[in-house]
Amino acid sequence: MDELNSIIKIGVVTSVKGRSVELKVDTTKNVSHLLFKGELIKNVSVGSYVKIAKGFSHLVGKIEGEFITEDKGSDFKSYTSQQDKVKRILQISLVGFLESGVFKQGIKELPLIDNEAYLLTQGEFNLVHKFVQDGEDTFVLGNLAQEKGKEIELGIDRLLASHIGIFGNTGSGKSYTMAKFYHEIINKYKGETKFLENARFILIDFNGEYTIPKPVFGVRDDVIIEEEFKKVYRLSTGKGGSILKYPVAPSVLKDAQFWSLILHCTEKTQAPFVARTLKNEFIESNIRSNDGFKRLISVTLKSILTKVEHNQERNLAFTFLEELARFNLDSKIDGYRALFSDYQKNLQFVPKDKCYLYYNTKSTEPDFLKQVITDKTKALTPNIEGLSEIHIIRLKIIFNFYHEVQKGFANKEHIGPVMGRLDERISDLEKVITVDLNHKDDTLMSIVSLKDVNMQMRKILPMIICKQVYEDKKHRFEKHKYLNIIIDEAHNILSYNSERENESWKDHRLETFEEIIKEGRKFGVFLTIASQRPSDISSTIISQLHNYFLHRLINNKDIEAVEKTISYLDKVSFDSLPILPQGSCILAGLAAQLPIVIEVGKIADRYKPFNETMCLTSNWKD
Ligand SMILES: Nc1ncnc2c1ncn2[C@@H]1O[C@H](COP(=O)(O)OP(=O)(O)OP(=O)(O)O)[C@@H](O)[C@H]1O
Ligand SMILES: [Mg+2]
């Protein structure tokens with residue numbers, strides 16, 4: 001042992017300033033490799049570790065820098081060689097200590113001047129990089145970058161029961177890393193019935209990287225895990241909509257806030273209008289039956305035609321009838337088109353009397369109501385059963401709009417823009433979600449691809465989906481069930497700065513995710529986010545993450561954002577952020593006692609996400 005110690009002793013402590021310690025390296029050890037019993041031992045260099053012996057304690061430090069000083073003052077003759085004049089100094093930051101065969105993070109005591117410093121033996125090096133305790137379930141994520149053959153095992157509990165952030169520039173390997181660890185973990189447990197019962201994963205995929213573009217018979221879709229274990233929603237707002245729509249609970253559609261988001265309502269006037277609409281009992285009690293529906297048409301026509309406002313548009317009745325007729329509703333009501341052309345032909349607006357005229361009857365006369373409205377609407381035969389719940393809400397909004405505007409409860413100019421957006425948003429919504437009364441959440445993993453979804457829905461859908469799964473989990477409160485919400489390209493929805501949206505919507509969006517990140521742990525809900533721009537994401541969210549995988553980051557703001565929240569990251573790791581190669585990342589957080597650089601292992605081709613970097617020139621040559 002003494003022999004080994006004399007070989008691996010590299011110097012003594014010369015200064016201690018808090019966590020920072022300086023070592024003077026023995027002049028005989030100023031070489032890159034040391035020889036011990038025929039084996040080469042790598043000498044210390046920046047980024048590696050040393051052990052400082054203080055009595056019986058062994059403190060471990062990471063080398064952050066080195067420099068040399070020249071001994072100028074002493075008598076030159078006392079040196080046998082010029083080399084001896086030069087002092088090599090190592091700057092070290094203490095990271096932990098070795099105690100009864102285990103490495104522990106943190107500082108219990110500080111070294112003293114002249115304490116001796118040693119290289120770590122292979123055994124000690126392994127201890128420092130052993131992040132799991134005996135008996136813990138683990139998986140291998142990859143190798144230590146510094147030491148190629150050293151596999152890094154991580155504790156599954158400490159990783160998955162935590163909020164995870166994966167950051168790095170485009171192409172640095174975030175999606176790959178995420179796919180790798182979810183693949184390894186799910187693959188490990190997929191044979192266990194209890195796992196299939198108690199674990200749920202939902203992945204929001206903005207770019208369609210985690211699924212084959214189109215389901216093709218005979219082509220398997222095994223990205224991350226075999227297709228038997230997952231449900232893939234390839235949502236699309238394009239022509240034809242989605243093949244499989246995302247199921248939402250009926251309660252979601254009763255939520256005024258949901259509709260405010262979908263219809264992009266302003267906080268002061270439009271959102272309250274939507275809320276009132278959903279609460280309007282008269283409309284609700286009539287809209288689902290054919291008779292009730294007729295009644296609503298008749299009541300609305302009555303208020304438009306008989307309570308004429310001084311600034312009323314002459315075409316208001318027609319606008320109403322046309323709006324109602326869209327989405328093919330006119331074909332569901334016998335007599336509707338006839339009524340429309342009858343009105344078009346015979347109904348005239350008389351501005352000076354503020355009334356309408358049908359042949360000779362003015363809408364101010366009592367006969368008008370019976371002959372022109374009641375009798376004619378009675379003749380309609382609607383057959384509106386089977387309308388989707390989403391469509392019913394559209395109709396409610398239309399009826400309530402005309403009702404409120406005619407009654408003077410709402411201002412047409414204020415609410416008008418909502419009506420302008422209504423059809424488009426309803427049609428988008430119908431293409432991507434479906435109301436599911438008895439939705440059974442029986443799939444291990446759901447992948448929601450938003451590649452073919454338009455801009456507006458891209459922002460709204462992830463929030464609706466995440467909110468729903470979170471609330472559902474929260475209310476059921478089944479202690480043994482876990483849910484991991486995984487969002488790749490999370491800056492799409494978690495960015496703090498977005499000029500195109502209004503404040504209330506931004507607040508709502510961030511609140512939803514901030515709640516998940518702050519409270520989710522108690523209900524077994526954990527968030528994994530991957531993003532190119534940590535500086536864009538709300539700092540509340542970034543600071544609550546438990547584990548960070550940091551890939552190459554170049555922008556200073558991004559590095560600062562990470563630096564602010566992961567203050568324990570050492571200088572060497574920070575400095576390496578802009579130069580990490582593709583597929584390497586720094587892991588910091590609960591799952592690793594010390595921040596380390598990992599080379600993430602390969603994923604078998606069939607489980608790999610579709611994110612190959614294109615090779616330009618190979619496609620240019622014949
Ligand atoms: N550990 C790895 N081993 C092998 N290949 C890798 C590894 N990590 C990443 N790659 C490859 O690097 C390329 C880019 O990776 P990836 O798509 O994961 O980057 P990204 O950071 O998610 O980029 P973006 O921000 O654009 O989504 C892919 O072709 C991927 O196969
Ligand atoms: Mg990616």
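The values are calculated or read from the model by the stated rules, or taken from the named source; none is laboratory data. Just so you know, these numbers come straight off a predicted model, no measurement behind them. So basically every Cβ, Gly included, is an ideal-geometry build from the backbone, and we count neighbours across all protein chains shown. For the accessible areas, the whole protein counts, side chains as well, though only heavy atoms, and no ligand, DNA or RNA atoms are used. Shrake-Rupley method; radii C 1.70, N 1.55, O 1.52, S 1.80 Å.
Output the residue which, of all residues in region 144-173 that are of a type in the set (S, T, N, Q) and open to solvent by 50 Å² or more (accessible area, probe 1.4 Å), is farthest from ligand 1 (Cβ to nearest atom).
My answer is Gln146.
Just to be sure before I move on: is Phe131 of a type in the set (Phe, Trp, Tyr) and assigned to a loop (DSSP other than H, G, I, E, B) in the structure I sent? Judged against the criteria, Phe131 is a match.
Residue pairs whose Cβ atoms lie under 7 Å apart, separated by 6 or more positions or on different chains, with the first residue in region 167-186 and on the phi > 0 side of the Ramachandran plot and the second assigned to a loop (DSSP other than H, G, I, E, B) and more than 9 Å from ligand 2 (Cβ to nearest atom), are Gly168/His551; Gly168/Arg552; Gly168/Leu553; Gly171/Gln582; Gly171/Thr613; Gly173/His551; Gly173/Gln582; Gly173/Gly583.
Residues that are open to solvent by less than 20 Å² (accessible area, probe 1.4 Å), in contact with a Cys (Cβ under 9 Å, 6 or more places away or on another chain) and modelled with pLDDT under 90 do not occur anywhere in region 384-406.
Among the helices (runs of 4 or more DSSP H) confined to region 174-292, the ones with at least 3 residues that are within 16 Å of ligand 2 (Cβ to nearest atom) and open to solvent by 10 Å² or more (accessible area, probe 1.4 Å) are located at 174-189. Look at (1) within 16 Å of ligand 1 (Cβ to nearest atom); (2) of a type outside the set (A, V, I, L, M); (3) out of contact with any Gly (no Cβ under 9 Å at 6 or more places or on another chain) and you find that Ser449 fails only one, number (3).
Could you please give the count of residues in region 574-598 that are open to solvent by 60 Å² or more (accessible area, probe 1.4 Å) and either within 13 Å of ligand 1 (Cβ to nearest atom) or within 21 Å of Glu209 (Cβ to Cβ) (or both)? Here the count works out to 2.
Please determine whether any residue of region 470-486 is aliphatic (A, V, I, L, M) and closer than 26 Å to Cys265 by Cα. Looking through region 470-486, none of the residues is aliphatic (A, V, I, L, M) and closer than 26 Å to Cys265 by Cα.
For (1) touching a Ser or Thr at 6+ places or on another chain (Cβ under 9 Å); (2) modelled with pLDDT of 90 or more; (3) buried (at least 17 other Cβ atoms within 10 Å of the Cβ), each residue gets a yes or a no:
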{"residue": "Lys51", "(1), (2), (3)": "yes, yes, yes"}
{"residue": "Ile68", "(1), (2), (3)": "no, no, no"}
{"residue": "Lys77", "(1), (2), (3)": "no, no, no"}
{"residue": "Ser81", "(1), (2), (3)": "yes, no, no"}
{"residue": "Gln91", "(1), (2), (3)": "yes, yes, yes"}
{"residue": "Glu99", "(1), (2), (3)": "yes, no, no"}
{"residue": "Lys104", "(1), (2), (3)": "no, no, no"}
{"residue": "Lys108", "(1), (2), (3)": "yes, no, no"}
{"residue": "Asp114", "(1), (2), (3)": "yes, yes, no"}
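Of the candidates Asp441, Asp428, the single residue that is within 30 Å of Leu483 (Cβ to Cβ), touching a residue at least 60 places away in the same chain (Cβ under 8 Å) and in the same structural domain as His183 (by TED's automatic domain parsing) is Asp441. Within region 317-345, the residues that satisfy the criterion of being in contact (Cβ under 8 Å) with a residue 24 or more places away in the chain and open to solvent by less than 70 Å² (accessible area, probe 1.4 Å) are Ala317, Phe318, Phe320, Glu323, Leu324, Leu329, Ile333, Gly335, Tyr336, Leu339, Asp342, Tyr343. Selection over region 40-49 of residues that are part of a strand (DSSP E or B) and surrounded by fewer than 16 Cβ atoms within 10 Å (Cβ to Cβ) gives a count of 2. When Leu154, Leu144, Leu127, Leu160 are checked against the criterion of being touching a His at 6+ places or on another chain (Cβ under 7 Å) and away from ligand 2 (no atom under 16 Å from the Cβ), a single residue qualifies: Leu144.
Checked against the criterion of being within 16 Å of ligand 2 (Cβ to nearest atom), at pLDDT 85 or above and either under 14 Å from Leu160 (Cα atoms) or not assigned by TED's automatic domain parsing to the domain that holds Gln456 (or both), region 534-543 contains not a single residue that satisfies it. Of all residue pairs spaced 6 or more apart or on separate chains, those with beta-carbon atoms under 6 Å, a first member in region 458-476 that is farther than 10 Å from Thr512 by Cβ and a second member that is of a type in the set (Phe, Trp, Tyr) are Lys473/Phe523; Lys474/Phe523.
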